[in-house]
1. Read through the labelled values [x] 49; [y] 54; [z] 59 and report the label of the one computed as percent of Cα pairs over 27 Å apart from the structure.
2. Relative contact order, percent, of segment 100-258 when contacts are C-alpha pairs under 8 Å separated by at least 6 residues?
3. Order of 217, 372, 250, 76 from fewest to most other C-beta atoms within 10 Å?
4. Counting other C-beta atoms within 10 Å, which of 386, 105 has the fewest, and how do the rest follow?
5. For segment 241-342, what does the alpha-carbon gyration tensor say about shape, rounded, prolate or oblate, given a ≥ b ≥ c as the root eigenvalues, a/c under 1.5 as rounded, and a/b over b/c as prolate?
6. Would you look at the GNM of the chain, springs on alpha carbons closer than 10 Å, and say which of 307, 321, 256 moves the most?
7. Which of 300, 342, 194 comes first, and how do the rest follow, when ranked by fewest Cβ neighbours within 10 Å?
8. Helix-derived [θ] at 222 nm for the chain: sum -39500 (n - 2.57) over DSSP H runs of at least 4, divide by residue count, nearest 500?
């Protein structure tokens, strides 16, 4: 307990110093007007993490890992050529970090990626198109904006097996119907492409949602609207890729199909007593029991392989400001069952978190502190990736 308090104090001190520097800096990104119809917006967005986990790393064999790293460090160019056609291009640096979702590495990892690169065509509100490298449209949680989550980040376990930071190459056709009460998304994307695929097939996705209060008409959801909207949205999606993996990879035999489906709901309601947020989802990804094969494709097992589970999260934002910003407290709980995780079959994870957001300038300048606990259904004393652990995270978010 003393160690947790000590680490929390250190995190608070560093965040305070950073806030002194950035409090006056947050503002909207610059827009360059080219003509009456065309313009270019440049956005810089960052999330700096300070994280402490009671899992050791490094040559000293310390029982705790402490780290500071960029969870996201992104430069985006959003352009509009005409009223109909536009584009988005974004690059992102991550790391150098030791801590992943459920593992800790002795050697810090880092990445630099082209995150988004797509053309937008908005013919009507009911008929819009994205073509290029863009987000997989299946799961609501992963389509909530990276910089608009309720908790410190979105679910760690709700993703599918796409290797491209939840992005893929392809096209997404989408639109809003019935005064934006109903939204549809249809996609054909590259899917698995490792050179070890049984067939070179596309991945197909369909998603719909129904909004019963104010509409969510954008392709990007938010984990919270900070009391600016009354929202009740119900959604569902299905995804399929035929012959996506081998159950016996070394022999290139037993091809297996991939499919996934999800159901989700989101509710947020501002009142004179504060703003209440509640959401949850169920996801199942299936590789037709490929994990039972003699040498299953690694994509069919592990954290993003065959699994099923759910999450629920809730938030409450105070009706009045505290100092220069708003305070929003939150909690979330998740349960997942994995076909095989870290070599353990039918592994289960229970994950819960409590935290608070301090929104100095909405999402443009935000501090979040979160404590989370990860519990495994099966703990193997010889397997360091099956031991329960706790994580304390502080995040400074800055958008320009």
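1. [y]
2. 19 percent
3. With the fewest neighbours first, 217, 372, 250, 76 line up as 250, 217, 76, 372.
4. 105, 386
5. Numbers: a/c = 4.58, a/b = 3.43, b/c = 1.33.
Prolate shape, in that a/c is at least 1.5 and a/b is the bigger ratio.
6. Largest GNM mean-square fluctuation: 321.
7. 194, 342, 300
8. It lands at -2000 deg cm²/dmol.
Readers should treat all values here as calculations from the given coordinates under stated rules, not as data from a laboratory. Predicted, not measured: the structure shown is a model, and the values here were computed from it. Positions of Cβ are backbone-derived with ideal geometry, glycine not excepted, and every protein chain shown enters the neighbour counts.
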